[in-house]
Amino acid sequence: MKRRTIVLILSVFILLTSCIPIRIAPKIQDHKTIKAKKIKRSLPKRQMFIFEDTKDEYEFYKYINTKFELQEVNVHNDAPFTLEEKQYYFSFYEVDIPNKSINLVPIAADALLERANINSSMENLYSIRKENYYIAIEANSDDEHDCLLNSSPSNKIITTYLKELKDEYFSTHNYNEVLFKK
């Protein structure tokens, strides 16, 4: 009898103190080159170089604007760069994908308080949301529509370039420094 009671109390405690995940954002260690639709439905159906952005919002925009001296023109779309004497363009998207989970403790507490005719407003605690930010970059040229496809002749050099761009972005705190690295 005691054992059953302990198991029942322990089960109820675990259930009430747990959070049930509804959506879990992907963990990207360094970067991934995948179809962007797999990460977020609102992105184009193209191969993209995607990495997790741990800096503040719009920092990548500021970095690209400064590095390529774009003066706030076409920063998100078709930023030009040259590799092996060939002109390429890249566009990027700053994407947020939240982790969402339902918190059962406030729901149970609200139900108990309502039963006792006590007014409670814990509705804003029913779910927990943590934002995760990503940068998704697509690349093209005049000859190729999608340079990040595995079958693209430019795939390796573009991926290497974008990885170096990402590494420089994370290692630079004052973006004016990148103007001196050219």
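Every number here is computed from the coordinates shown, using simple stated rules; none is lab data. Fair warning: this is a prediction, and the values are worked out from it, not measured in the lab. Ideal geometry is used to build each Cβ from the backbone, glycine not excepted, and the neighbour counts take in all protein chains shown.
Can you give me the angle between helix 2-16 and the longest principal axis of the chain, using Cα atoms only, in degrees from 0 to 90, rounded to the nearest 10?
Once rounded, one gets 40 degrees.
Mind pulling the angle between the C-alpha long axis of helix 155-171 and the longest principal axis of the chain? Nearest 10 degrees, somewhere in 0 to 90.
70
All other residues with a Cβ under 15 Å from the Cβ of residue 29 taken together, and with Lys, Arg as +1 and Asp, Glu as -1, what is their net charge?
0
Please sort 100-107, 24-31 by packing, taking for each peptide the average over its residues of neighbouring beta carbons within 10 angstrom, highest first.
100-107, 24-31
Taking DSSP loops as anything outside H, G, I, E and B, show the longest stretch in the chain free of GluC sites (Glu not before Pro) there with at most 13 other beta carbons within 10 Å.
The answer is 1-56.
Over the chain, one equal point on each Cα, no solvent: what is log10 I(q)/I(0) by the Debye formula at q = 0.13 Å⁻¹?
The Debye formula, applied to the Cα set alone, gives -0.75.
How high is the relative contact order of the range 25-75? Use alpha-carbon pairs under 8 Å, at least six apart in sequence, and give a whole percent.
28
Can you give the helix-only mean residue ellipticity at 222 nm for the chain, where every DSSP H stretch with n ≥ 4 adds -39500 (n - 2.57) and the sum goes over all residues, rounded to the nearest 500 deg cm²/dmol?
Details: 4 runs with 53 residues, N = 182.
Here the helix-only value at 222 nm equals -9500 deg cm²/dmol.
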